[in-house]
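These notes concern the structure reproduced below.
The values are calculated or read from the model by the stated rules, or taken from the named source; none is laboratory data. Model, not experiment: these values are computed from the prediction. A quick note on method: Cβ atoms are made from the backbone with ideal geometry, for glycine too, and the neighbour counts reach across all protein chains shown.
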Amino acid sequence: MPTPDNKGMYLDLILQMQDEGMYFASLAHIDAYEQKNGSTPELQRLRADALRETRQSAAADAAYRKLLNSTEAGAAWHGLGLLAAQNGDYPTAVTALREAAKRQPTNPVVLSDLGYAMLRSGDVAGARMPLAQAAELAPDNRKMIGNLALLLLVSGEPDKARQVMDKAVLSPESRTRIYSLAAEIGQRQPAVVTFQPADAVKAGVSSAIAPTAKSVNPVQLPAMPFQSMMDRFGNGG
């Protein structure tokens, strides 16, 4: 295992831990790295992300705010947006995510999160641009495509949403999750009604099964109310 003396390798180890969801362990290694090599804006951002993921919201908020005038400002605003959304405060999330998008205008994750937060805030028209941008910037990412399908459903365009999901070959689980989210956001008709029998046959699920909300990971949704859209549509395949 890399030691704090191998700065590059050790930082890569911390990044790998976070990619694998080992946020508690990453906090311990961040402490070890910092004691030996000092801190950097990137390391502080990794700490803030780990604090957010381990539900230490107050500490994460403070850590992100210290980075707002640093080279990690875009990521810090993104983190603040995710924190607000975790607490169900989507208007505040939109404000923070707009700031993140200003600094990272080609980041599909930021754009997708912004669009989702706008949907949850009731701004369906405003959500169209960032969600379409995210889908075009990451055309092979089924989670981004799933978010675009969600927008179409909430906009009352179920046929177009179905075409998008068919083209992306989204899994039955992904489709069910998307319809469930659409209903949760406030779709006019129940999701199970929109999920026509033909879809059910193609997806291999019963049209009588009402969608349920789950956790975020390749069309598994995270346990938290909001997370990076990269996670929100799990194993969609």
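Details
- Scope the range 16-33; condition without any contact (Cβ under 8 Å) to a residue 12 or more places away in the chain and under 22 Å from Ser70 (Cβ atoms); matching residues: Asp31
- Matching helices (runs of 4 or more DSSP H) fully within the range 108-208 where at least 2 residues are buried (at least 21 other Cβ atoms within 10 Å of the Cβ) and modelled with pLDDT of 90 or more: 108-120, 124-137, 142-154, 158-168, 172-185
- Looking across the range 146-160, the residues that are closer than 8 Å to Ile178 by Cβ and free of Cβ contacts under 8 Å to residues at least 40 places away in the same chain come down to Ala149, Leu150.
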